[in-house]
Amino acid sequence: MKILGSFPKTRLRRMRKSRWIRNLISENNISNNDLVLPIFVREGKNKIDQIKNMPGVSRYSVDRLPSILNQVKKYRIPMVALFPYTPEIKKDQLGSEALNENNLICKSIKFIKNNFPEIGIMCDVALDPYTLHGHDGIVIKNEIDNDETIKVLIKQALLQAKMGCDVIAPSDMMDGRIKAIRQALDKNNFKNVCILSYAIKYASNFYGPFRDAVGSSSKLKNDKKTYQMDFRNSSEAYREVGLDIKEGADMVMVKPGMIYLDVINNIKNNFKVPVLAYQVSGEYSLIKNGIEKKILKEDSIIESIISFKRAGACAIVTYFAIDVAKIIKSAN
Ligand code: PBG
């Protein structure tokens with residue numbers, strides 16, 4: 001890289017002298033348009049319960065969704081990502097509840113489309129909220145069977161599209177599922193339903209609080225290393241992205257986010273495709289706990305979110321979405 005300027009003629013501190021000049025030359029900014037809020041839904045009526053280890057994040061029964069969606073609407077957050085907390089009795093080995101037309105996700109999509117039509121909806125395609133073993137796919141002879149799982153994922157994606165989901169987000173990491181889901185969507189007249197592939201999903205230790213939130217952690221046998229990516233790798237990540245784009249993904253997700261900024265940056269530079277980052281539950285909880293214990297300042301939230309923009313993400317899925325939108329609004 002060519003070095004521009006030299007001291008003493010060049011003094012970079014000149015452009016840090018006051019708030020207005022720092023604002024003037026800032027290279028990256030965050031807007032409400034860059035945010036996606038994950039929402040956990042639960043069964044029952046008039047229920048809102050706080051999630052263990054995720055201070056400030058709750059699960060909502062469908063009738064109480066307006067308490068959070070009114071804020072999403074007020075702050076013009078473009079999209080929400082829905083995740084269900086499925087009662088144990090509805091789980092089985094095959095995750096059959098994923099295909100129930102009356103499951104929590106279907107009810108939530110319909111409710112949101114009827115009452116908040118301006119909000120985009122993204123849904124996970126994976127079986128872990130519905131299986132007794134907590135894995136994202138079908139287990140056959142102690143293995144997560146790729147091709148048998150895809151057959152179910154296609155049905156899950158079609159059901160979500162039929163209910164009105166705008167963005168189908170396969171987060172299961174099976175090979176070839178984007179192609180299969182795109183073909184099925186097209187064949188069933190869902191040509192305009194988008195696919196956001198969790199192309200790069202690492203087998204991460206930072207999903208802990210989420211697994212408690214959807215009730216899959218106590219059940220999870222072993223880990224997800226036979227399908228989620230090894231965190232020592234990045235070349236493999238770009239192969240994943242290349243394949244998923246070829247198969248028909250409209251956008252790709254990198255997950256977790258903060259500890260994989262290098263991967264986000266490389267995708268941004270090498271593939272001309274929208275890349276989103278997921279600031280996952282463990283990343284959220286670390287920052288949130290730090291703020292609550294007064295170890296960190298609240299501004300840490302914006303610093304963490306800007307890091308994704310600097311790396312090249314077009315949007316960030318974050319449990320801080322409403323906090324961030326409020327901070328942006330109060331700064332204007
Ligand atoms: C499930 C899924 C996970 C997350 C989103 N979808 C967890 C997992 O793969 O075990 C994690 C999100 C978070 O930690 O915030 N396929």
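Among the GluC sites (Glu not before Pro) found in the stretch 46-153, those both in a DSSP coil and sparsely packed, with 13 or fewer other Cβ atoms within 10 Å of their Cβ, are Glu101, Glu118.
Here's how it looks for Tyr202: its modeled amide H is under 5 Å from those of Met229, Lys255, which are all 5 or more places away or on a different chain. In this label model, Phe231 and Asn70 are separated by 4.0 nm, measuring between points 7 Å along each Cα→Cβ vector. Placing unit charges on the Cβ atoms of the charged side chains and taking the dipole of the chain about its Cα centre, the candidate lying farthest along the positive direction among Asn28, Leu220, Ala161 is Asn28.
Here the residues Leu4, Leu185, Leu153, ranked from fewest to most Cβ neighbours within 10 Å of their Cβ, fall in the order Leu4, Leu185, Leu153. Of Lys187/Lys246; Lys45/Lys107; Lys17/Lys293; Lys52/Lys91; Lys74/Lys268, which sit over 23 Å apart, Cα to Cα? Over 23 Å Cα-Cα: Lys17/Lys293; Lys74/Lys268. Report note on the peptides 295-305, 252-262, 164-174: ranked by the mean count of other C-beta atoms within 10 Å, highest first, their order is 164-174, 252-262, 295-305. Available extension along the chain between Ile140 and Asn188 is 14.4 nm, counting 0.36 nm per residue and deducting the alpha carbon span.
Annotation: extensible slack from Asn28 through Asn265 equals 83.9 nm (criterion: 0.36 nm per residue apart, minus Cα-Cα distance). Using the Cβ-Cβ distance between Phe111 and Lys17 with R0 set to 56 Å, the FRET efficiency from 1/(1 + (r/R0)^6) comes to roughly 0.65. In terms of overall dimensions, the stretch 31-331 has a Cα radius of gyration and Dmax of 17.9, 56 angstrom. Based on C-alpha pairs under 8 angstrom that are at least 6 apart in sequence, the chain has a relative contact order of 18 percent. With a simple spin-label model that places each label point 7 Å from the Cα along the Cα-to-Cβ direction, the separation between Met1 and Asn332 comes to 3.1 nm.
Note that the stretch 56-64 has calculated 3J(HN,Hα) couplings of x, 10, 10, 9, 10, 6, 4, 5, 9 Hz, one per residue in order, obtained from phi through the Karplus relation 6.51 cos²θ - 1.76 cosθ + 1.60 (θ = phi - 60°); glycine and proline are x. Sorting the segments 276-282, 136-142 by their mean number of nearby beta carbons within 10 angstrom, highest to lowest, gives 276-282, 136-142. Remark: the stretch 180-294 carries a charge dipole of roughly 180 debye about the Cα centre, counting +1 on each Lys and Arg Cβ and -1 on each Asp and Glu Cβ. Helical content alone sets the calculated 222 nm signal of the chain at -11000 deg cm²/dmol, taking -39,500 (n - 2.57) per DSSP H segment of four or more residues and averaging over every residue. Dipole magnitude for the stretch 31-331: computed about the Cα centre from +1 point charges on Lys and Arg Cβ and -1 point charges on Asp and Glu Cβ, it is near 680 debye. Taking Cα atoms only, the orientation of helix 104-115 departs from the longest principal axis of the chain by about 60 degrees. Taken one residue at a time, the phi angles of the stretch 252-257 give Karplus couplings (6.51, -1.76, 1.60, θ = phi - 60°) of 10, 10, 10, 8, x, x Hz. Gly and Pro are set to x. Relative contact order of the stretch 1-134, please, whole-number percent, based on alpha carbon pairs below 8 angstrom and at least 6 residues apart. About 24 percent, as a whole number. Maximal additional length on extending the Glu118-Asp92 stretch stands at 5.9 nm, based on 0.36 nm per residue less the C-alpha distance. Taking the longest Cα principal axis of the chain as reference, the axis of helix 261-270 is set at about 90 degrees. If you fit an axis through the alpha-carbon atoms of helix 300-311 and take the longest principal axis of the Cα set of the chain, what angle between them do you get, 0 to 90°, nearest 10? Here the helix axis deviates by roughly 90 degrees.
Where a number appears in this text, it was derived from the coordinates with a stated rule and is not lab data. In this text the structure is predicted, and so the values were computed from the model without any measurement. No Cβ is skipped: glycine too gets one built from the backbone with ideal geometry, and neighbour counts run over all protein chains shown.
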